[in-house]
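Have a look at the structure below before the remarks.
The values are calculated or read from the model by the stated rules, or taken from the named source; none is laboratory data. This structure is a prediction, so every number in the text was calculated from the model and none was measured. Side chains included, ligands, DNA and RNA excluded: accessible areas come from the protein's heavy atoms. Shrake-Rupley method; radii C 1.70, N 1.55, O 1.52, S 1.80 Å.
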Amino acid sequence: MASVQILCACTSSSHVQHQGSIRYRYGYPSEKMNGRRCSVRVEGGNGMVVPSSEEEKRKLRVLVAGGGIGGLVLALAAKHKGYAVKVFEKDLSAVRGEGRHRGPIQLLSSALAVLEAIDQSVAWKIKEAGCVTANRTNGFADGLSGEWFGEFDLLTPASRKRLPLTLVICRMTLQDILVNAVGPKILRNKSKVVDFIQEPSKVRVILENGEQHDGDILIGADGIWSEVRSKLFGRQEANYSGFTSYSGLTSYVPPYIHTIGYRVFLGMNQYFVASDVGHGKMQWYAFHAEPPSNDPFLEGKKKRLLDLFGNWCNEVITLISETPENMILQRDIYDRDMINTWGIDRVTLLGDAAHPMQPNLGQGGCMAIEDSYQLILELDKIAKHDPDESEVISALRRYEKKRIPRVRVLHTASRMASKMLVNYQPYIEFKFWPLSENEINIQIKHPGIHVAGALFKFTFPQFVIWMMAGHGYQFLQNFFQPSFLFFILSFEY
């Protein structure tokens, strides 16, 4: 992949800190966004690509169903491109409520680089509000002993490629920043898209209140329970992952706060994730393999978790104990199978509407952000003139073709990770009775742990680099052996 250099001159004094040369190897050029004049130099290409003026562009009419993270990032990028964009969200307060259940969101370097390319001011606010975890130790640990199983480096790869550092941020804070940047003229609350009609020259959305709006394209960014997806491909049940998730947010500062950012504790049929989220708070998630259920626990969720994790290491028990009962939430984890196309004619999908995945890799929001920018790049190729129907449709299919391979790998990896994380068994236990009647238990290190540890140290850091730096599908093909790549892509849950 050719590297991309973006030379920006800011026209506003508020952006003085962003003057100069900003170098990205992510492959996403940034053209005249957020009041800056930008030229894009592609190393290995044929010179300078200069954006055309806004006056030459026809206002492409973009309709977006869903005001979550993906829909808002797409709207922000479309706004800076001068498109006529409308976002229809059924209930912004519900999105905020979901944000509380799902906790803070992790933004890897790839997603932050995209946000910087779209809007430097918004990216700066996100980085100011977030908590950087890449500058500390991150990795996997044994749930019982707390000993490290494997670590991965998020700092060095980002620094070498001059990418922003991975951070976590409260979903509600992130949404507020994006909502304010998009603005009330674009974002319409209490406006649920329930149907659409495609015509040769336009697509028409129909809202729950009976309103109708015409556009050139419709983007379904309305989440895992997407109405747009159901209208496109028929209503299908989501897949229960086999896990329920308990999440907690506690005002507790552990003694290791300055050295450890993000840690996954492993165990049989359950695992526990803990992360510093800044402002004197720790966020944790406890995943347990059990049937889906909405029945409340009579003795409380905290008591339930202490029963499940009571013999684990002190770090896990302390986080649960320090969390008030009313700050512990529970939800069942669902995803959907990958599909080979995300749209038909003038309609396509984005984010969880297209590829909902399990949260164990922390990539759902990042993939939605990447989707948004790739879509804008394809739309900008046709927005410089009055596109006909075939050009519009081709742009949407190109977006899907370029995004599906990368997303498919991460979607499959998230399912594989669920299976692998809960099958962690560090010891083999033997029980026998010698001459006495007393039972004797002996534990020996599982021989597979050494093999798994070596495989982890060799493959996982490279996979993390691929996730955070966006090298693309070709990098994965070059790095992994063909048989292993085939195993990932053909894995059946």
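Let me know the whole percent of all Cα-Cα pairs from the stretch 221-312 that are separated by more than 19 Å.
The calculated P(r) of the stretch 221-312 puts 57 percent of pairs beyond 19 Å.
Shape call for the stretch 335-389 from the C-alpha gyration tensor, a ≥ b ≥ c root eigenvalues: rounded (a/c under 1.5), prolate (a/b greater than b/c) or oblate?
Working: a/c = 4.64, a/b = 1.87, b/c = 2.48.
It is oblate, given that a/c is not under 1.5 and a/b is not larger than b/c.
Taking amide hydrogens as modeled 1.01 Å from N in the peptide plane, which residues meet the under 5 Å criterion relative to residue 85, leaving out close sequence neighbours?
Those qualifying (amide H under 5 Å, at least 5 residues apart or on another chain) are 62.
Please give the per residue accessible area of the stretch 66-177, computed with a probe of 1.4 Å over protein heavy atoms only, in Å².
Values: 3730 Å² over 112 residues.
Per-residue value: 33 Å².
Rank 126, 344 by accessible area, highest first, at a 1.4 Å probe radius? Can you show the working numbers first?
Working: 126 0, 344 70 Å².
Descending accessible area places them as 344, 126.
Got the relative contact order for the stretch 124-225 handy, in percent, Cα pairs under 8 Å and 6 or more residues apart?
Once normalised by length, the contact order is 18 percent.
Per residue of the stretch 111-127, in order, report the coupling 6.51 cos²θ - 1.76 cosθ + 1.60 (Karplus, θ = phi - 60°) as ³J(HN,Hα) in whole Hz, putting x for Gly and Pro.
5, 5, 5, 5, 4, 5, 5, 7, 7, 4, 5, 5, 4, 5, 5, 5, 5
I need the phi-derived Karplus couplings for the stretch 208-225: 6.51 cos²θ - 1.76 cosθ + 1.60, θ = phi - 60°, integer Hz, Gly and Pro marked x.
4, 7, x, 5, 10, 9, 9, x, 7, 9, 10, 10, x, 10, 9, x, 4, 9
What ³J(HN,Hα) values, in whole Hz, does the Karplus curve 6.51 cos²θ - 1.76 cosθ + 1.60 give for the stretch 62-79 when θ = phi - 60°, with x put for Gly and Pro?
Calculated HN-Hα couplings, in order: 10, 9, 10, 8, x, x, x, 4, x, x, 6, 5, 4, 5, 5, 5, 5, 4 Hz.
Counting only heavy atoms of protein chains, what accessible area per residue, in Å², does the stretch 231-322 have with a probe of 1.4 Å? Let's see the in-between values first.
Values: 4370 Å² over 92 residues.
Ligands and nucleic acids excluded, the result is 48 Å² per residue.
Taking amide H atoms as placed 1.01 Å from N in the peptide plane, list the residues 5 or more away in sequence, or in a different chain, whose amide H sits under 5 Å from that of residue 195.
206
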